[in-house]
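Shown next, in C-alpha cells, is the structure this report addresses.
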Amino acid sequence: MAERLAVVSGGATGIGAAVAEGLVSDGYDVIVVGRRAEPLEQTATRIGKQLDRPGSVQAVPADLTDPAQLGRVVEAVAGRTVDAVVNNAGGYLDGDSSTLDGVAARWRANLDSNVLTAVLLTEALRPALRRPGGRVLLISSIAAQRGGGGPYSAAKAALHGWGYHLAQELGPEQITVNVISPGYVVDTEFFDGRMTPEGHRRRVDATLVGRAGEPADIAAAVRYLVSPAAGYVTGQVLGVNGGSVLGR
C-alpha cells in the first residue's frame, strides 16, 4: 500500500484513466470513480498489470450526482488520508431545447454532471484531505473561456469561480486548489462519434503547435499540480490547449 492516495472521478477512460495511470507511476494508490462498473474495473486491472502494481487502482462505481452514493467513495478511502482529489467527471450533454422544459432539463443535466459531481466529491472527501499538502483539482474546458458549448460552457466556467472560492477557504490549511482547462483532446469519449475530419482539422489548425492534445498532456499537468513542486500554486486556471486560447 502506497503512502499517498488520490481519488479520480471520471476515471474509466480518456483523461481520467490517463491521470490515474500517471499517478500510479508516481507512486500513488488511486481510487477511480465513475458510473460504469465494467470500464472502471478494466482500467484498474490494466494499469495495475501494466505498471506492475496490482491492486494499486481501486474501482468504485458511483453516480456522483447522487449524494447517497458518495458514501461508497468514503468507504473505499477507509480512513486513509487523501492527498489529491481530481474532479474529472462530466461531459457535454445534449438534449431537446425546443421547449422550456427541455431547456431546463438540459441545463440541469449539464450543471449536475460537471459542477455538482465536483462539489459533492470534494465535500465528501474534504475532512480526509492531507493537512498540510492536500491538492484539489477541477478539470474544466476551453469552452469555459471561449464559449460555444451552451450549458456545458457555463457549467465549466462555474468551476472556475468555485475553484477560486475553494482556494481561499482551504489555503490557510495549506491545501491548494487549481483548475486545468484542456483544449481539444483526442482519444476520449467526449465527442462520442460526433467528430468529423473537418472538425478535427479545424481544431488542430486553431492551435499554435499544430497538433491535437492527448490525455497524457492533461495527466502531465495533473502530476505537476499535485506534486510538492506546486505547493505555491493555488487559485489558478491552467490552460492546456496548444495555444488555441492564450492565457490571461
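The values are calculated or read from the model by the stated rules, or taken from the named source; none is laboratory data. These numbers were taken from a predicted model, which means no experiment stands behind them. We place every Cβ from the backbone using ideal geometry, glycine too, and count neighbours over all the protein chains shown. In case anyone asks, the SASA skips ligands and DNA or RNA and just uses the protein heavy atoms, side chains included. Shrake-Rupley method; radii C 1.70, N 1.55, O 1.52, S 1.80 Å.
Only the Cβ atoms of Lys and Arg (+1) and of Asp and Glu (-1) were treated as charged; on that basis the dipole of region 111-203 about its Cα centre amounts to roughly 280 debye. Between Arg46 and Asp96, what's the calculated FRET efficiency when r is the beta-carbon distance and R0 is 41 Å? Round to 0.05. So the FRET efficiency works out to roughly 0.65.
Relative to the 2.2 N^0.38 Å rule of thumb, region 119-175 has a C-alpha radius of gyration ratio of 1.28.
With each label modelled as a point 7 angstrom along the Cα→C-beta vector, the Tyr232-Ala206 pair spans 3.5 nm. Accessible surface comparison of Tyr152, Tyr164, Tyr92, probe 1.4 Å, protein chains only, largest first: the order is Tyr164, Tyr92, Tyr152. Looking at the chain, the accessible area is 47 square angstrom per residue; that uses a 1.4 Å probe and ignores ligands, DNA and RNA. Across region 1-120, C-alpha contacts under 8 Å between residues 6 or more apart give a mean separation that, scaled by the residue count, equals a relative contact order of 26 percent. Within the accessible area of the chain, the carbon and sulfur atoms contribute 52%, probe 1.4 Å, all protein chains present.
When Rg and the Kirkwood radius Rh are both evaluated on Cα atoms of region 143-211, their ratio Rg/Rh stands at 1.09. Can you bin the chain into rounded, prolate or oblate? Criterion: square roots of the alpha carbon gyration tensor eigenvalues sorted a ≥ b ≥ c, rounded for a/c under 1.5, prolate for a/b above b/c, oblate for the rest. The shape class here is rounded. Relative to the Cα centre, the charge distribution of the chain, modelled as +1 at Lys and Arg Cβ and -1 at Asp and Glu Cβ, gives a dipole magnitude of about 460 debye. With all protein chains in place and ligands, DNA and RNA left out, the 1.4 Å accessible area ranks Asp52, Asp66 as Asp52, Asp66, largest first.
The candidates His200, His160, His165, arranged from most to least accessible area with a 1.4 Å probe in the full protein assembly, appear as His165, His200, His160. Modelled label positions at Met195 and Glu38, each set 7 Å beyond Cα in the direction of Cβ, lie 2.4 nm from each other.
Mean separation of Cα pairs under 8 Å and 6 or more residues apart, divided by the residue count, gives the chain a relative contact order of 18 percent. The Rg/Rh ratio of region 24-162, with Rg taken over Cα atoms and Rh as the Kirkwood radius over Cα pairs, comes to 1.01.
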